[in-house]
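The values are calculated or read from the model by the stated rules, or taken from the named source; none is laboratory data. Quantities reported herein were computed from a predicted structural model and do not represent experimental measurements. What goes into the accessible areas is simple: the full protein's heavy atoms, side chains included, and nothing from ligands, DNA or RNA. Shrake-Rupley method; radii C 1.70, N 1.55, O 1.52, S 1.80 Å.
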Amino acid sequence: MSEKLRSLFQTYGLWFFIGLILAGLTIGAIVSHVNGQFEQNDLTTPQYAAQPADPAELTFDLEQNKAYSAEDGVVVIEPASSAAQLAQTASITHDPETIWEEDQVVTYNSFTLPDKVEQEDGSLGVLTIPEIGLSVNVFAAKQGEELEAMTQGLAHFSHTSSWDGNIGICGHNVNFDLSDGYFKNLHQLKKGDKLTYSTSLGERTYEVELSKTIAEDDWSYLGRTGENKITLITCISGQPAKRLVVQAAEVK
């Protein structure tokens, strides 16, 4: 039996070793190929995927409408030859003159600006008080210029509303020439008396709520209100440090 094995080994042994060597080489090639495939596949995974360039590292060519990054190497961008060419590269989507349309809002938080009711002659409205037989125009007055406006009629306090909210109006009780002022008989009004005020926005009726003497520097009754009111102020003869205030609220 041993002679037969020895004979077989001598006949096929050399080929057996050659076969082992070839098998080893084949396995090595397969392993190398597989590893190569894994390395290539790794490059397609998210962590190796191409990332967008950092905006801070981008360079923009407005004439070519193109952005360059460090990956593009050295890029020479020629400056625009003129301001006109640079302007042509900008895309204008809005006409600046049409961005802001005419303001159609009349009242802001119970406050109406004088120019929303002002007429060509500078008047804002007409105050009518049947109780004292008065009907007179009210004129716009810049702050500190009420006396000039009162030469035409009554004056509107510019820091008060001209329609919605609290309307502040002042007038002389005695004019500088000692003639009767429009508010000469304002002191005769009492609680419950009615008056009307008309402007280009409409007409409202008010009812007197109070009539009292205040200090000449007391402006508290001219503050803004959510309720529609009208506040009338005039001097008091013989009391230069005092004023008469009459305040009325809109009749609903």
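General remarks:
- Rounded percent of accessible protein surface that carbon and sulfur make up, segment 131-215, 1.4 Å probe: 46
- Rg/Rh for segment 173-217, where both radii come from Cα atoms and Rh is the Kirkwood radius: 1.06
- Where segment 125-205 is the region considered: accessible area per residue in Å², 1.4 Å probe: 48
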